[in-house]
Amino acid sequence: MTTAILAEDEALLRTALRDLLARVWPELHVVAECEDGASALEAISDHRPDVAFLDIRMPGLSGLEVAAATAEASPDTQVVFTTAYDQYAIDAFERGAVDYLLKPITEARLTATMQRLQSRATPRATDAAALSQLLRDVMLHPGTRAEPLTWITASSGRETRLIMVDDVAYFRADSKYTVAMTAEGEALLRKPIRELAAMLDPTVFKQIHRSTIVNLRAVASIVRDDTGKGTLRLKQRPETLVVSQPFMTLFRNM
């Protein structure tokens, strides 16, 4: 049985892709549906699916970052990007980086992708060099992405504080809310971490697992243990933070 995960932050688009796959590829078993990059990477690490359909733009980790980590977390997983990008990105895909589906996805186009995936005698590993170039292209052409947050308001007891985002060492999920940890202490944001992740600068703030986003500028060091997990030591906070094994690839250059 061929298995797959679907990662798309828009629920309607995710449902539409699932329904299309059911018609075009009824033998395919979808083992997980994800609405953000962090949960997608965890699902890939847990299930090691044959195929991962990844939206390019997702909260927290982008589809490109998830694909880069997938090469280590599940080497045999074939990646198919879904994208609404202009021709410059499609050209990069055509150069052989990965498969892609241009939104809105049609049944004919999905059928062609399915046939290409099935025709491969062995899974094709992601071309790391081509993927790195595609990441650079996307950074140079950010499209309509809004400017990242520079400050937030958060509650600390009865006080509402204005906090500069650069002063936050890390964000931690707390039920439907998010805790911002600074050198001075913690404050509560009335916003879920998934929603916050989409508003942060992705070059500065990285998810280390589904419930934690760290400010790279606040990291003093990182150590990998024998299990593949990592531990982050912070510059101005006494606690250490655990990096889940699938997310360690994102810190390889530190």
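The values are calculated or read from the model by the stated rules, or taken from the named source; none is laboratory data. Owing to the predicted nature of the structure, the values given are computational and were not obtained by experimental measurement. Cβ atoms come from the backbone with ideal geometry, glycine included; neighbour counts cover every protein chain shown.
Some values worked out for this structure:
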quantity: Count of residues meeting criterion [in contact with a Pro (Cβ under 6 Å, 6 or more places away or on another chain) and charged (D, E, K, R)] in the range 170-226; calculated: 3
quantity: Lone unmet requirement of (1) modelled with pLDDT under 90; (2) under 27 Å from Asp55 (Cβ atoms) for Ile193; calculated: (1)
quantity: Residue list for the range 199-229, filter: in contact with a strand residue (DSSP E or B) (Cβ under 9 Å, 6 or more places away or on another chain) and at pLDDT below 90; calculated: His209, Arg210, Arg224, Asp225, Lys229
quantity: Residue in the range 89-122 that is farthest from Val66 (Cα to Cα), counting only those that are in a loop (DSSP other than H, G, I, E, B) and modelled with pLDDT under 85; calculated: Ala121
quantity: Strands (runs of 3 or more DSSP E) fully within the range 1-80 counting 2 or more residues that are modelled with pLDDT of 95 or more and touching a His at 6+ places or on another chain (Cβ under 9 Å); calculated: 3-7, 29-34
quantity: Qualifying residue in the range 143-150 (condition: at pLDDT 85 or above, in contact with a strand residue (DSSP E or B) (Cβ under 8 Å, 6 or more places away or on another chain) and not in a loop (DSSP other than H, G, I, E, B)); calculated: no
quantity: Output for the range 217-244, where each listed residue is farther than 25 Å from Glu72 by Cα and either without any contact (Cβ under 8 Å) to a residue 12 or more places away in the chain or β-branched (Val, Ile, Thr) (or both); calculated: Pro238, Glu239
